[in-house]
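First the structure, in the form of C-alpha cells, and then the observations on it.
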Amino acid sequence: MKKILVINGHPNPESLNHALAEAYIKGARNTGAEVKYLIIADLKFNPDLHYGYRKRTELEPDLLNAWEQIKWADHMVWVHPTWWGGMPAIMKGFIDRLFLPGMAFRYRENSVWWDKLLSGKTGHIITSIDQPAIYYWLAFGRPSINQLKKSILQFCGVDPVRVTVVTNVRTATPEKIRQWIEKAEKLGSELK
C-alpha cells in the first residue's frame, strides 16, 4: 500500500489549490492508499531561517510532526499556486526550515558533492498559474517548477517528480474548474 503525503502550500482554505488537493486525496484513497494531508498555513512556526546553515534553530512541534510525515511518505504531492514566478512565502519558509543538512541531504566532507537523504521517495507537483503554461516556460523558464522539482526535491533524492500545471486560472469557467478537480482526482487514483 502506497503512503502518500499531500502538502498544500496555498494559505487560503477556499482556494482552487485546496479543492485540487482534496480531489487528489479522494482519488488516492479510493485505491486503498494511506494518505496524510498537511496544510502548511495551519502550522505554527517561524518561516525565517535566521542563521542560514551556520546555526540550527530549534524546530517547532508542528515542524517536527511535518518532518515525521515527510519521512513516513513514499510519495509527496506538493499543491501550490505560482505567485510572481515562485511558490508562496509560507511554503518557501516551510522548506527552508525543514529541508536542512543532516535531514534532507548531507554535505560530504571536503567535497562539492552531497548525499540525498530522501532517496526512494517520489513526488508530484500540482501548481496553478494565471497564464498559459507555454508562456510561463518560454518567457520565464518555469522558475517555481525548477526550484521545487530540481533544486529541492531531486537535490534531496526525491525522484521521479511529475508536474501538472493548471493554467489560466483567473479566467477559468466553472466547467473548466470542474474538469481540473476531476483531473486531480484521477491523478490520485492512478498512482500505484
Between a first residue in the stretch 137-156 that is at positive phi and a second residue that is at pLDDT 95 or above and part of a helix (DSSP H, G or I), which pairs have beta carbons less than 9 Å apart while being 6 or more apart in sequence or on different chains?
-> Arg142/Lys149
Residue tally, condition within 17 Å of Asn65 (Cα to Cα) and touching a Lys or Arg at 6+ places or on another chain (Cβ under 7 Å), over the stretch 35-52 | 3
Within the stretch 81-117, which residues are aromatic (Phe, Trp, Tyr), under 18 Å from Arg56 (Cα atoms) and either at pLDDT below 95 or surrounded by fewer than 16 Cβ atoms within 10 Å (Cβ to Cβ) (or both)?
-> Tyr107
Scan the stretch 135-166 residue by residue and report those that are over 17 Å from the mean Cα position of the chain (by Cα) and buried (at least 18 other Cβ atoms within 10 Å of the Cβ).
-> Tyr136
Residue hits (the stretch 49-68; in contact (Cβ under 8 Å) with a residue 24 or more places away in the chain and surrounded by 11 or more Cβ atoms within 10 Å (Cβ to Cβ)) are Leu49, Arg56, Thr57, Leu59, Leu63, Ala66, Trp67
Within the stretch 172-192, restricting to residues that are part of a helix (DSSP H, G or I) and of a type in the set (S, T, N, Q), the one that is most open to solvent (accessible area, probe 1.4 Å) is Gln179
In the stretch 62-111, the residues that are in a helix (DSSP H, G or I), of a type in the set (Asp, Glu) and out of contact with any helix residue (DSSP H, G or I) (no Cβ under 9 Å at 6 or more places or on another chain) = Glu68, Asp96
Name, by its number, the condition in (1) under 29 Å from Asn168 (Cα atoms); (2) out of contact with any Pro (no Cβ under 9 Å at 6 or more places or on another chain) that does not hold for Pro81.
-> (2)
Of Pro81, Pro160, Pro88, which residue is more than 30 Å from Met1 (Cα to Cα) and in contact (Cβ under 8 Å) with a residue 12 or more places away in the chain?
-> Pro88
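The values are calculated or read from the model by the stated rules, or taken from the named source; none is laboratory data. Quick caveat, the model's predicted, so the values are computed rather than measured. Cβ coordinates were reconstructed from backbone atoms using ideal geometry, including for glycine residues, and neighbour counts include every protein chain displayed. Heads up: the accessible areas ignore ligands, DNA and RNA and are worked out on the full protein's heavy atoms, side chains in. Shrake-Rupley method; radii C 1.70, N 1.55, O 1.52, S 1.80 Å.
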